[in-house]
Amino acid sequence: DQLPDLVIVGAGLFGLTIAERCAEELGLRVLILERRHHLGGNAYSERDPETNVEVHKYGAHLFHTSNERVWEYANRFTSFTDYRHKVFGKYQGQVYSLPLNLALINQFFGKSHTPDEARALIAEQSAEFDTASATNLEEKAISLIGRPLYEAFIKGYTGKQWQTDPTELSADIITRLPVRYTFQNGWFSDTYEGLPVDGYTAWLTRMADHPNIEVRLETDFFEVADDYKGKVPIIYTGPVDEYFGNSEGRLSWRTVDLEESVVDTDDFQGTGVVNYNDQDVPYTRIIEFKHFHPEREKTHLPGKSVIVHEYSRFAEEGDEPYYPVNTADDRAKLIKYRELAKAEPMVLFGGRLGTYKYLDMHMAIGAALSMYDNKLKPHFTEGAELT
Ligand code: FAD
Ligand code: NA
């Protein structure tokens, strides 16, 4: 077997972006090893066979970016719909429009406020704690938005996300809790936003659709590592701790259990995402996927809908790692893993698992384009060392 010019571990957006650039612009022969049965990493989606609704298999994925280069790059492989994401939140039998905004404040306090009146109210309520001296997440949140809004919209939800009472959580989990003193309720504030017209998997498949790119599915890098390590450059986008046999201890992650079901109604909740803020409701959110693509209405089976209940918890061995927990202990381990990674010859670490960072899709693409510009292209065209 002839060796490829480059091996990429992981067919997520980071690995696919590197593969596409190296194959298309440099003419390299690229081999992608992916241990799942599909490419696309966590952005992968499938049409539910019964209802024909597109379901994001690793949690709801909304594309948004203010990065011109990333937007232009993504548009080479797919067009995007004009979907604008909105989130609603249930609390004690009412539904509120999130994020915290004037509509929510008026509804929650049962009275209309001008923007200035709302500002004055939140300033008064948040005076209870000083942000700089907050000793835990609860005090920090109250110092930013006041106790009533904290108790309704942060306490229960955050407690469920972390399976921990917010008084026991570190204050630096949140840096800001923006309140919008307008009725604007778009969830993102980026220049560009939308969902891939033909779905995520069509987009991600097109990125790998190049004669110089081979994707080998259901192949765990660690089973074949000896064939490639030290012989060809490797871009590794799997978990950094796993690469080093967890020698410095495991990095901790949160995961989400996704309970998918088909319900016998055309419309279960009237929108894509509803957060459940009450502490006694065990799930954090319900996703109803058909609302992400209103333009596909005629293609969906009438009278049915696909919903997913999300339950957040700490990841155990074998669970999908979703969000870095990032305790002080994790950060100390990460410093050691970064040193090991730096010293590992001919291997570059990237992506959310390889760097232990939560990356949105546009950030994963942007980081991959930077690695291509700053490391891979100089290496393959000018012989620069790969470090
Ligand atoms: P991944 O997509 O995780 O890809 C890594 C790949 O490497 C995986 O396919 C894995 O199977 C493979 N791999 C690992 N180890 C090995 C091995 N040893 N051998 C072979 N293959 C291996 N981003 C947004 O922009 N908007 C959103 O709304 C959004 N929602 C999200 C919701 C959730 C629940 C999660 C977890 C993420 C969300 N993201 C969202 C982030 C998005 O999923 C990431 O930006 C994207 O997955 C990053 O791509 P990646 O290539 O770095 O990692
Ligand atoms: Na290295």
(request) Need at least 2 residues that are surrounded by 20 or more Cβ atoms within 10 Å (Cβ to Cβ), among the β-branched types (Val, Ile, Thr) and in contact (Cβ under 8 Å) with a residue 24 or more places away in the chain per element, so show me which strands (runs of 3 or more DSSP E) inside the stretch 131-248 make the cut, counting only ones lying wholly within it. (result) 213-216, 234-236
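Which residues, counting only those in the stretch 340-360, are among the hydroxyl-bearing types (Ser, Thr, Tyr) and within 14 Å of ligand 2 (Cβ to nearest atom)? Don't jump to the end; show me each part of the working.
Let us first name the residues in the stretch 340-360 that are among the hydroxyl-bearing types (Ser, Thr, Tyr), namely 355-356, 358.
Of everything in the stretch 340-360, just one residue is among the hydroxyl-bearing types (Ser, Thr, Tyr) and within 14 Å of ligand 2 (Cβ to nearest atom), namely Thr355.
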(request) Name every residue in the stretch 346-375 that is acidic (Asp, Glu) and near ligand 1 (Cβ under 10 Å from one of its atoms), in order of residue number. (result) Asp360
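Hey, can you tell me all the residues within the stretch 113-130 that are of a type in the set (Asp, Glu) and surrounded by 13 or more Cβ atoms within 10 Å (Cβ to Cβ)?
Glu117
In the stretch 318-345, which residue that is away from ligand 1 (no atom under 14 Å from the Cβ) and hydroxyl-bearing (Ser, Thr, Tyr) is surrounded by the fewest Cβ atoms within 10 Å (Cβ to Cβ)? Full working, then the answer.
Filtering the stretch 318-345 for residues away from ligand 1 (no atom under 14 Å from the Cβ) gives 326-345.
Applying the additional criterion that residues be hydroxyl-bearing (Ser, Thr, Tyr) yields 327, 337.
Values: Thr327: 12, Tyr337: 23.
The qualifying residue surrounded by the fewest Cβ atoms within 10 Å (Cβ to Cβ) is Thr327.
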(message) Going by what's in this entry, would Glu128 be described as out of contact with any helix residue (DSSP H, G or I) (no Cβ under 9 Å at 6 or more places or on another chain) and free of Cβ contacts under 8 Å to residues at least 40 places away in the same chain?
(response) no
(request) May I ask you to say which residue of Tyr91, Tyr73 is crowded, with 16+ Cβ neighbours inside 10 Å and closer than 21 Å to Pro282 by Cα? (result) Tyr91
(message) Regarding the stretch 272-282, can at least one residue be identified that is touching a residue at least 60 places away in the same chain (Cβ under 8 Å), surrounded by 13 or more Cβ atoms within 10 Å (Cβ to Cβ) and either closer than 21 Å to Gly40 by Cα or within 16 Å of ligand 2 (Cβ to nearest atom) (or both)?
(response) no
(message) Quick check on my filter: what residues within the stretch 346-384 are surrounded by fewer than 19 Cβ atoms within 10 Å (Cβ to Cβ), of a type in the set (Lys, Arg) and touching a residue at least 40 places away in the same chain (Cβ under 8 Å)?
(response) Lys377
(message) Exactly one condition in (1) at pLDDT below 95; (2) closer than 28 Å to Pro99 by Cβ is false for Pro294; which is it?
(response) (1)
(request) Output the residues belonging to the stretch 18-38 that are closer than 13 Å to Glu214 by Cα, in contact with a Leu (Cβ under 6 Å, 6 or more places away or on another chain) and surrounded by fewer than 23 Cβ atoms within 10 Å (Cβ to Cβ). (result) Leu28
(request) Taking the residues in the stretch 241-255 that are small (Gly, Ala, Ser) and farther than 19 Å from Pro345 by Cβ as candidates, determine which candidate is farthest from ligand 2 (Cβ to nearest atom). (result) Ser252
(message) Please go through the stretch 67-101 and give me each residue that is assigned to a loop (DSSP other than H, G, I, E, B) and among the small types (Gly, Ala, Ser), ordered by number.
(response) Ser79, Gly93
(request) Filter the stretch 2-37 for residues that are in a loop (DSSP other than H, G, I, E, B), more than 8 Å from ligand 1 (Cβ to nearest atom), on the phi < 0 side of the Ramachandran plot and in contact (Cβ under 8 Å) with a residue 60 or more places away in the chain and give the result. (result) Leu3, Pro4, Asp5, Leu28, Arg29, His37
(request) Evaluate the stretch 71-84: report whether one residue or more is within 11 Å of ligand 1 (Cβ to nearest atom) and either over 18 Å from the mean Cα position of the chain (by Cα) or closer than 30 Å to Asp373 by Cα (or both). (result) yes
(request) Working carefully through the options Tyr372, Tyr358, find the one that is touching a helix residue (DSSP H, G or I) at 6+ places or on another chain (Cβ under 6 Å) and among the aromatic types (Phe, Trp, Tyr). (result) Tyr372
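Yes or no, residue by residue, for (1) buried (at least 19 other Cβ atoms within 10 Å of the Cβ); (2) over 30 Å from Asp266 (Cβ atoms):
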position: Thr51; (1), (2): yes, no
position: Gly59; (1), (2): no, no
position: Phe63; (1), (2): yes, no
position: Ser79; (1), (2): no, no
position: Tyr96; (1), (2): yes, no
position: Lys111; (1), (2): no, yes
(request) Please work out if Ile8 is within 16 Å of ligand 2 (Cβ to nearest atom), over 13 Å from Met207 (Cα atoms) and either of a type outside the set (Gly, Ala, Ser) or buried (at least 19 other Cβ atoms within 10 Å of the Cβ) (or both). (result) yes
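The values are calculated or read from the model by the stated rules, or taken from the named source; none is laboratory data. Source: prediction; values computed, not measured. For neighbour counting, all protein chains shown are included, and Cβ atoms are generated from backbone atoms with ideal geometry for every residue, glycine included.
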